[in-house]
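Chemist: Once you've had a glance at the structure underneath, I'll fire off some questions.
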Amino acid sequence: MYIAKNVEQTQVEDDGRESHKRQKPYNYTLLAVKCMLWLLAIAAMIGLSFFAHAHPRPLPFELTVTRDLQGMSFPPAVQAIMRWFTAIDDPLPDIIIVPVCVLILALFRKFMAAIFLALSTGIGNGIDALIGDYVGRPRPSGHLVHVDSTLIFNSFPSGHCCHMMVFYGFLLYLSLTKPVRQWRYRWALVPLQIFAVINILIMGFARLWEGEHWLIDILGGYLDGAIWMVLFIFLYNWTTDRMHERRLRKAVPA
């Protein structure tokens, strides 16, 4: 019996060593390309911020885009849907929704996912607000276009569009990772994935139609959110990979 147990333990150790050896070598060229693209996005965001700061009033094409959208005839149901999506992503509902999602991930023992979702959302939205304070671009005026509600926050970049990326974009990524794709009940996440995609796609259009932002504000919000979403996805993957390697080293004696 002792011999059989020893053989079994040796087999486990051998399997662990083989698994460790099969780890793919890191592609540093691909990493360099990704870093360059991310830095280009940062540069584009900085340039767009300075441009918006220098043009507090809407450009002619921005005014044309908003007026054309508001001139379209949408059924009352579609209008209600757009207003509902923007309403549930206002700051007050988000104060409830984000912690609930973080808590659900923690209850499923996805602690790293919960931590990085909170970091992506909190830091991304926080930096977005700081950029808005610097740029100081005023909201659309009711004298130029129809404005659903008068808000005191700065117009550039769009906080709603940024939030779509750092929160729903990060959640969507988590739902498409390999462990989740292999989960027995992964089909239960399909409605949530569809909801996240619709939220991301409809938000920019809805904010323009409501007269809450100009087009450059929308583009800046999506770009700003994408920058921080990509960064925290990278950090999440890097952290989980290092933790996995550490567990392998502990499982396999030298």
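Chemist: Is there any pair linking a residue in the stretch 56-81 that is over 21 Å from LEU219 (Cα atoms) and assigned to a helix (DSSP H, G or I) to one that is among the polar types (S, T, N, Q) and at pLDDT 95 or above, with Cβ under 6 Å and at least six apart or on different chains, and which?
Modeler: Sorted first by the residue in the stretch 56-81, then by its partner, the list stays empty.
Chemist: So, of the residues in the stretch 223-243 that are surrounded by fewer than 20 Cβ atoms within 10 Å (Cβ to Cβ) and not aliphatic (A, V, I, L, M), which turns out to be nearest to HIS53 (Cα to Cα)?
Modeler: Out of the qualifying residues, it is PHE234.
Chemist: While we're here: Just to check your reading of the model, which residue among VAL135, VAL98 is of a type in the set (A, V, I, L, M) and closer than 20 Å to HIS55 by Cβ? Write out each step before concluding.
Modeler: Working: VAL98 fails: closer than 20 Å to HIS55 by Cβ.
When all the criteria are applied, what remains is VAL135.
Chemist: Same structure again: Which condition number does ILE127 fail, the rest of (1) hydrophobic (A, V, I, L, M, F, W, C); (2) in contact with a helix residue (DSSP H, G or I) (Cβ under 6 Å, 6 or more places away or on another chain); (3) in contact (Cβ under 8 Å) with a residue 24 or more places away in the chain being met?
Modeler: Of the numbered conditions (1) hydrophobic (A, V, I, L, M, F, W, C); (2) in contact with a helix residue (DSSP H, G or I) (Cβ under 6 Å, 6 or more places away or on another chain); (3) in contact (Cβ under 8 Å) with a residue 24 or more places away in the chain, the odd one out for ILE127 is (2).
Here is a yes/no grid of residues against (1) surrounded by fewer than 22 Cβ atoms within 10 Å (Cβ to Cβ); (2) modelled with pLDDT of 90 or more; (3) under 13 Å from ASP89 (Cβ atoms):
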{"site": "SER149", "(1), (2), (3)": "yes, no, no"}
{"site": "CYS161", "(1), (2), (3)": "no, yes, yes"}
{"site": "MET164", "(1), (2), (3)": "no, yes, yes"}
{"site": "TYR173", "(1), (2), (3)": "yes, yes, no"}
{"site": "LYS178", "(1), (2), (3)": "yes, no, no"}
{"site": "PRO191", "(1), (2), (3)": "yes, yes, no"}
{"site": "ALA196", "(1), (2), (3)": "yes, yes, yes"}
{"site": "ILE200", "(1), (2), (3)": "yes, yes, yes"}
{"site": "PHE205", "(1), (2), (3)": "yes, yes, no"}
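Chemist: Let me ask something additional. Report yes if some residue within the stretch 151-158 is assigned to a helix (DSSP H, G or I) and either hydrophobic (A, V, I, L, M, F, W, C) or touching a residue at least 12 places away in the same chain (Cβ under 8 Å) (or both); otherwise report no. Before you say what the answer is, go through the steps one by one.
Modeler: To start, the set of residues in the stretch 151-158 that are assigned to a helix (DSSP H, G or I) comprises none.
Looking for residues that are assigned to a helix (DSSP H, G or I) and either hydrophobic (A, V, I, L, M, F, W, C) or touching a residue at least 12 places away in the same chain (Cβ under 8 Å) (or both), one finds none in the stretch 151-158, hence no.
Chemist: Ok, one more. When you scan the stretch 203-225, do you find a residue that is touching a residue at least 60 places away in the same chain (Cβ under 8 Å), hydroxyl-bearing (Ser, Thr, Tyr) and not in a helix (DSSP H, G or I), even just one? Please lay out each step first, then the result.
Modeler: Of the residues in the stretch 203-225, the ones touching a residue at least 60 places away in the same chain (Cβ under 8 Å) are 203, 205-225.
Within this subset, residues satisfying the condition of being hydroxyl-bearing (Ser, Thr, Tyr) are 222.
Pick out the ones that are also not in a helix (DSSP H, G or I) and you get none.
Checked the stretch 203-225: no residue is touching a residue at least 60 places away in the same chain (Cβ under 8 Å), hydroxyl-bearing (Ser, Thr, Tyr) and not in a helix (DSSP H, G or I).
The values are calculated or read from the model by the stated rules, or taken from the named source; none is laboratory data. Nothing here was measured: the structure is a model prediction, and the numbers come from that model. FYI the Cβ positions are ideal-geometry reconstructions off the backbone, even for glycines, and counts take in every protein chain you see.
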